[in-house]
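Below is one structure, written out as structure tokens, with a few remarks after it.
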Amino acid sequence: IVERYQEIANKEPNPPTVLPNYTKPSQAAEVEAEKPNTSLFSTGTTEQLARLSGSRGISMEGVKWAQDRGVLVFGHWFGGEVYGVKDGSGRVMEIRKLDGSLFQAVGTLEERKSHAIKGSQKKWPVGIQQAAECPMIVLVEGIPDFLAAHQVVIEEGCQGCVAPVSMLCASVSIAEQALPHFKGKH
């Protein structure tokens with residue numbers, strides 16, 4: 001599975017961004033914080049799924065399974081069509097433009113590939129709650145690798161045994177409150 005995943009993922013390294021004068025809130029504060037508003041996003045059309053499949057080189061089966069698991073959504077954000085991932089806990093949601101372009105710089109934010117919806121707690125692993133019944137997980141970083149992991153699990157016929165889980169930023173630790181969801185997983 002790992003070798004096939006590496007072929008599909010085509011990972012691009014992203015150096016972590018450090019914002020000046022930023023103080024991280026405590027993990028307890030993050031869990032109690034306001035959750036992102038996901039009401040503007042919903043399941044995708046067949047055409048949107050096909051566009052995402054083609055642009056990311058991920059099978060339709062892979063993107064459909066991600067959508068069926070409730071982790072893949074589509075919508076519009078500041079005039080652009082987007083896709084994104086969210087967790088069943090409602091604690092995290094991050095989007096990317098469906099056409100692959102960057103989000104424009106605004107205020108102190110530079111141009112960027114992905115955008116976390118206000119209130120997102122990036123220490124929360126996307127898909128961990130959907131993995132509750134699976135004895136194994138494949139833990140990856142970022143949206144593209146998360147979607148690629150769905151394809152690999154399907155290709156290997158491991159749905160129900162292996163569930164994709166993603167951290168949306170390589171530089172953060174996992175929220176303490178999420179750790180019990182990993183108990184007993186391989």
Inset, instruction - Averaging sequence separations of C-alpha pairs under 8 Å and six or more residues apart, then dividing by the length of segment 112-171, give the relative contact order as a whole percent. - result: 46
Inset, instruction - List, in order, the whole-Hz ³J(HN,Hα) value for each residue of segment 106-113 obtained from phi through the Karplus relation with A = 6.51, B = -1.76, C = 1.60 and θ = phi - 60°; use x for Gly and Pro. - result: 8, x, 8, 7, 7, 4, 7, 6
Inset, instruction - Order these peptides, 123-135, 164-176, 86-98, by their mean beta-carbon neighbour count within 10 angstrom, highest first. - result: 86-98, 123-135, 164-176
Legend entry - Exceeding the 25 Å Cα-Cα cut-off - candidates 113/183; 97/183; 35/97; 35/185; 97/185; 86/113: 113/183; 97/183; 35/185; 97/185
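Every read-out reported here was derived from the displayed coordinates using simple, explicitly stated rules and does not represent laboratory data. This structure is a prediction, so every number in the text was calculated from the model and none was measured. Note that we place each Cβ from the backbone using ideal geometry, even for glycine, and neighbour counts take in every protein chain shown.
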